[in-house]
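Single-structure report; data block below.
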Amino acid sequence: MLIVLSPAKTLDYETPPATARHSMPDFLDESKRLVERMREFDPPALAELMSISDALAALNVARFAEWKLPLRPGRARQAALAFAGDVYEGLSAPTLDADAIDWAQSHVRILSGLYGLLRPLDLMLPYRLEMGTRLGNERGRDLYAFWGDRLARAISDELDSHSHPVLVNLASDEYFRAVAPKALRHRVVQPVFQELRAGAWKIVSFSAKRARGLMTRYAIEHRIDDPGGLVDFAAEGYRFDPEASDEKRWYFRREAARVEQREAA
């Protein structure tokens, strides 16, 4: 079983890393190509391309200008420790012990517009390049064309050696589209997290993101290699709903009012 997550826009390169252990991304040659393309943009052009502020554009122009290989600890940081935000608050990677990190290295992957596919301990330099960016490149009009079926083939190759070759999609639609699902050779399961709001089950973005991180943490802590074990996930009021679920989409639901009452207490 492999779990895929989205990255986060928010990065943390200030907190001292919880471990010195690290690995290297598999697609650095491709990353270098993208960096060279991104260096063609000045701050106003990058602000327009990414729909970001002038300050963020200037920051990321500087980041791409400073990006270089080889990646070294200090300047670069392990992906699971560098990404912050709702998913990574739920994952809480800095608190995982060495054995848990080893398991995560074999079972968790982070999708990335710049790096393609990252293991938790893969080093990365700070960047911003969302997968949905319409960046024209040598392979097409956007990053989906750039990555093609490379990520799907890499994931399929890894799953070939797993006793339960199933991909658990805990990434956003924007990022999972880059996996080219039609090119995958194995089954995909997508957990969906919903809350009861005004009498209807709805996906609340920040809560769903946190739940993806919490489920990943649950899988790591319990060493779940068979995705069927995920149906017992019950953090922060979520429960598996077998009646709403089917073979591909597994619904985990909670009554938001009860969660809010507990948080208030």
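No value in this document is a laboratory result; all are computed from the given coordinates. Owing to the predicted nature of the structure, the values given are computational and were not obtained by experimental measurement. With ideal geometry, Cβ positions are generated from the backbone for all residues, glycine too; neighbour counts draw on all protein chains shown.
Whenever a residue of segment 218-237 is basic (Lys, Arg), its partners that are buried (at least 16 other Cβ atoms within 10 Å of the Cβ), lying with C-beta atoms within less than 7 angstrom and at least six residues away or across chains, give the pairs ARG223/TRP103.
Say whether the condition of being outside any loop (DSSP other than H, G, I, E, B), acidic (Asp, Glu) and touching a helix residue (DSSP H, G or I) at 6+ places or on another chain (Cβ under 7 Å) is met by at least one residue in segment 48-66. Yes, there is a match, as at least one residue in segment 48-66 is outside any loop (DSSP other than H, G, I, E, B), acidic (Asp, Glu) and touching a helix residue (DSSP H, G or I) at 6+ places or on another chain (Cβ under 7 Å).
Restricting attention to segment 143-170, which residues are touching a helix residue (DSSP H, G or I) at 6+ places or on another chain (Cβ under 8 Å), within 25 Å of LEU214 (Cα to Cα) and touching a residue at least 40 places away in the same chain (Cβ under 8 Å)? Talk me through it step by step, then tell me what you get.
First, the residues of segment 143-170 that are touching a helix residue (DSSP H, G or I) at 6+ places or on another chain (Cβ under 8 Å): 143-144, 146-147, 149-153, 155-156, 164-170.
Subset that is within 25 Å of LEU214 (Cα to Cα): 151-152, 155-156, 164-170.
Correct list: LEU151, ILE155, HIS164, PRO165, VAL166, LEU167, VAL168, ASN169, LEU170.
Among the conditions (1) surrounded by fewer than 14 Cβ atoms within 10 Å (Cβ to Cβ); (2) among the small types (Gly, Ala, Ser); (3) within 26 Å of ARG153 (Cβ to Cβ), the only one that ALA219 does not satisfy is (1). Scanning segment 4-13 turns up no residue that is buried (at least 19 other Cβ atoms within 10 Å of the Cβ) and over 19 Å from THR216 (Cβ atoms). Of all residues in segment 105-142, exactly one satisfies the criterion of being in contact (Cβ under 8 Å) with a residue 12 or more places away in the chain, part of a strand (DSSP E or B) and surrounded by fewer than 17 Cβ atoms within 10 Å (Cβ to Cβ), namely ASN137.
Hey, among the residues in segment 16-45 that are part of a helix (DSSP H, G or I) and of a type in the set (A, V, I, L, M, F, W, C), which one's surrounded by the fewest Cβ atoms within 10 Å (Cβ to Cβ)? The extreme case among them is ALA45.
Listed conditions (1) at positive phi; (2) surrounded by 15 or more Cβ atoms within 10 Å (Cβ to Cβ) are all met by LEU81, apart from (1).
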